[in-house]
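Peer 1: Structure below; questions to follow.
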Amino acid sequence: MDTQDRIKVAVQKSGRLTENSLALLRTCGLSYSRGTDQLICFGENMPVDLLLVRDDDIPSLLAEGVCDLGIVGLNVMLEKAVDGPGLVRPREVASLGFGQCRLSLAAPRDFEYRNAADLCGRRIATSYPRVLGAWLAEKGVSADVVTLSGAVEIAPRLGRADVICDLVSTGSTLAANDLVEAEVVMESRAVLMAGDPPETGARADWMDRLISRIEGVVRVRESKYIMLHAPRSQLDEIRRLLPGSEAPTVIPLEGRDDKVAVHAVCRENVFWETLEGLKAVGASSVLVLPVEKMLA
Ligand code: PRT
Ligand code: ZN
């Protein structure tokens, strides 16, 4: 394959999503060397190259067809989406299980926020004017949106805004700035976005392979393999308690008519509460194991 035929994946160069994005691609079997300019990583064992860019540029790189896939926060994807003649409309292929956060309105302690109507005529500082603008329009609220590229949380203290709308994960930045989260505007997470619809030929095949490997890795992360012994009479209840498992395997136990072994892949994490619930209906010898690879 020559360079034009290689699949290009845009990844954040340096930021919160970088480490998880690169680790995800490595888990999919991609090994790469970092180019001297540090902007492109050439895949060594697949025709896949990584473009290391600012996350804000990923939506337009996809729309312009410069890259085929991109890993980016849904918040950035919505805020920076570009549309127009000759541009591709990227589609979400998978939610990747990292980069979770929310875009929230937050106000100083003495601002008594009850609902969106309290924002009428107020100044709201944000780096997400588009997402916020759409939300305000939906609520029928007319407010003054002040666009800032960073340090949004100090805008109220500087007298530049009455409230802010910014990303929150733990909430400690808001607390440190004496701001109280008022309302969630959108929930966000890292997503895999794809540009052009797949063509045919080797390139399309590799694209499909890479996407299905990424989907497999994401699915497997939350999945667990669970083994237990159960009273035969409680099988229905045990099936109901196993999170996200389709058809558990039921195996007879040598010399026991009343008990069986149950093996199941649970496609959701198995928490202590689930194990306690299983024990309460008579399960014993419960083992929960990680799943390494899964191909549906
Ligand atoms: O240089 P480049 O433009 O590529 O990076 P960037 O500075 O624009 O983005 P970066 O690396 O900060 O974040 C990349 C993506 O990570 C975001 O677009 C989100 O999708 C996701 N993400 C997840 C977050 C957070 N959590 C997050 N907490 N992005 C930013 N924050 C910031 C937030 O803006 C606030 O300043 O962290 C602070 C709040 O965090 P808590 O934990 O105190 O609530
Ligand atoms: Zn950015």
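Peer 1: In segment 156-250, which strands (runs of 3 or more DSSP E) lie fully inside it and hold 3 or more residues that are touching a strand residue (DSSP E or B) at 6+ places or on another chain (Cβ under 8 Å) and surrounded by fewer than 18 Cβ atoms within 10 Å (Cβ to Cβ)? Please lay out each step first, then the result.
Peer 2: Numbers: elements: 163-168, 179-188, 190-194, 224-231.
Once the strands (runs of 3 or more DSSP E) in segment 156-250 are filtered for at least 3 residues that are touching a strand residue (DSSP E or B) at 6+ places or on another chain (Cβ under 8 Å) and surrounded by fewer than 18 Cβ atoms within 10 Å (Cβ to Cβ), what remains is 179-188, 224-231.
Peer 1: Let me ask something else about it. If you go through segment 43-53 one residue at a time, how many are open to solvent by 10 Å² or more (accessible area, probe 1.4 Å), touching a Gly at 6+ places or on another chain (Cβ under 9 Å) and acidic (Asp, Glu)?
Peer 2: Summing the residues that are open to solvent by 10 Å² or more (accessible area, probe 1.4 Å), touching a Gly at 6+ places or on another chain (Cβ under 9 Å) and acidic (Asp, Glu) in segment 43-53 gives 0.
Peer 1: Which members of segment 156-182 meet the condition of being more than 12 Å from ligand 1 (Cβ to nearest atom) and closer than 22 Å to residue 133 by Cα? Step through it out loud before you land on a result.
Peer 2: Narrowing segment 156-182 to residues more than 12 Å from ligand 1 (Cβ to nearest atom): 156-163, 178, 180, 182.
Matches in segment 156-182: 156, 159, 160, 161, 162, 163, 180, 182.
Peer 1: Answer yes or no as to whether residue 118 is acidic (Asp, Glu), under 25 Å from the mean Cα position of the chain (by Cα) and either farther than 30 Å from residue 173 by Cα or crowded, with 16+ Cβ neighbours inside 10 Å (or both). Can you show your working first?
Peer 2: Working: acidic (Asp, Glu): yes; under 25 Å from the mean Cα position of the chain (by Cα): no; either farther than 30 Å from residue 173 by Cα or crowded, with 16+ Cβ neighbours inside 10 Å (or both): yes.
The answer is no for residue 118.
Peer 1: Could I ask something else about it? Identify, please: which residue in segment 12-28 is in contact with a strand residue (DSSP E or B) (Cβ under 9 Å, 6 or more places away or on another chain) and open to solvent by 40 Å² or more (accessible area, probe 1.4 Å) and is, among those, nearest to residue 294 (Cα to Cα)?
Peer 2: Looking at the filtered set, the residue picked out is 26.
Peer 1: What about residue 142, is it surrounded by fewer than 20 Cβ atoms within 10 Å (Cβ to Cβ), without any contact (Cβ under 8 Å) to a residue 40 or more places away in the chain, assigned to a loop (DSSP other than H, G, I, E, B) and within 16 Å of ligand 2 (Cβ to nearest atom)? It would help to see each step written out before you state the result.
Peer 2: Numbers: surrounded by fewer than 20 Cβ atoms within 10 Å (Cβ to Cβ): yes; without any contact (Cβ under 8 Å) to a residue 40 or more places away in the chain: yes; assigned to a loop (DSSP other than H, G, I, E, B): yes; within 16 Å of ligand 2 (Cβ to nearest atom): no.
Here the answer is no, as residue 142 does not meet what is asked.
Peer 1: Residue 111 is checked against (1) under 29 Å from the mean Cα position of the chain (by Cα); (2) surrounded by 15 or more Cβ atoms within 10 Å (Cβ to Cβ) and fails just one. What number does that condition carry?
Peer 2: Among (1) under 29 Å from the mean Cα position of the chain (by Cα); (2) surrounded by 15 or more Cβ atoms within 10 Å (Cβ to Cβ), the lone unmet condition for residue 111 is (1).
Peer 1: Taking only segment 40-56 into account, find how many residues are under 19 Å from residue 5 (Cα atoms) and within 16 Å of ligand 2 (Cβ to nearest atom). Even if it seems obvious, please write down each step before you answer.
Peer 2: Step one: list which residues in segment 40-56 are under 19 Å from residue 5 (Cα atoms), which gives 40-52.
This time we only want the ones that are within 16 Å of ligand 2 (Cβ to nearest atom), so: 51-52.
Count: 2.
Conditions (1) within 23 Å of residue 127 (Cα to Cα); (2) open to solvent by less than 20 Å² (accessible area, probe 1.4 Å); (3) in contact (Cβ under 8 Å) with a residue 40 or more places away in the chain; (4) within 12 Å of ligand 1 (Cβ to nearest atom), marked per residue:
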{"residue": "5", "(1), (2), (3), (4)": "no, no, yes, no"}
{"residue": "55", "(1), (2), (3), (4)": "yes, no, yes, yes"}
{"residue": "77", "(1), (2), (3), (4)": "yes, yes, yes, yes"}
{"residue": "85", "(1), (2), (3), (4)": "no, no, no, no"}
{"residue": "98", "(1), (2), (3), (4)": "yes, yes, yes, yes"}
{"residue": "105", "(1), (2), (3), (4)": "yes, yes, yes, no"}
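Peer 1: Mind listing whichever residues of segment 107-135 are of a type outside the set (Gly, Ala, Ser), more than 16 Å from ligand 1 (Cβ to nearest atom) and closer than 21 Å to residue 73 by Cβ?
Peer 2: Residues of segment 107-135 of a type outside the set (Gly, Ala, Ser): 108-115, 118-120, 122-124, 126, 128-132, 135.
Next cut, more than 16 Å from ligand 1 (Cβ to nearest atom) only: 108-115, 118-120, 122-123, 135.
Matches in segment 107-135: 135 only.
Peer 1: Here is a list of conditions, (1) under 30 Å from residue 268 (Cβ atoms); (2) at pLDDT 95 or above, and residue 79 meets all of them except one; can you say which number that is?
Peer 2: Among (1) under 30 Å from residue 268 (Cβ atoms); (2) at pLDDT 95 or above, residue 79 violates only (1).
Peer 1: Hey, could you check segment 57-69 for residues that are under 28 Å from residue 173 (Cα atoms) and surrounded by 21 or more Cβ atoms within 10 Å (Cβ to Cβ) and say which is farthest from ligand 2 (Cβ to nearest atom)? Break it down into steps so the answer makes sense when it comes.
Peer 2: As a first pass, look at segment 57-69 and keep what is under 28 Å from residue 173 (Cα atoms): 57-59.
Subsequent filtering for residues that are surrounded by 21 or more Cβ atoms within 10 Å (Cβ to Cβ) retains 58-59.
Working: 58: 9, 59: 11 Å.
In this case the residue turns out to be 59.
Peer 1: Might you let me know whether segment 22-34 holds any residue that is in contact with a helix residue (DSSP H, G or I) (Cβ under 6 Å, 6 or more places away or on another chain), within 30 Å of residue 102 (Cβ to Cβ) and more than 15 Å from ligand 1 (Cβ to nearest atom)?
Peer 2: Yes - at least one qualifying residue is present in segment 22-34.
Peer 1: Can you tell me which of 71, 58 is out of contact with any Ser or Thr (no Cβ under 9 Å at 6 or more places or on another chain) and of a type in the set (A, V, I, L, M)? Talk me through it step by step, then tell me what you get.
Peer 2: Details: 71 fails: out of contact with any Ser or Thr (no Cβ under 9 Å at 6 or more places or on another chain).
Exactly one residue qualifies, and that residue is 58.
The values are calculated or read from the model by the stated rules, or taken from the named source; none is laboratory data. Please read these numbers as outputs of a predicted model, since none were measured by experiment. Positions of Cβ are generated from backbone atoms using ideal geometry, with glycine treated the same way; all protein chains shown enter the neighbour counts. The protein model used for the area step is the full one, side chains on, heavy atoms only, and it has no ligands, DNA or RNA in it. Shrake-Rupley method; radii C 1.70, N 1.55, O 1.52, S 1.80 Å.
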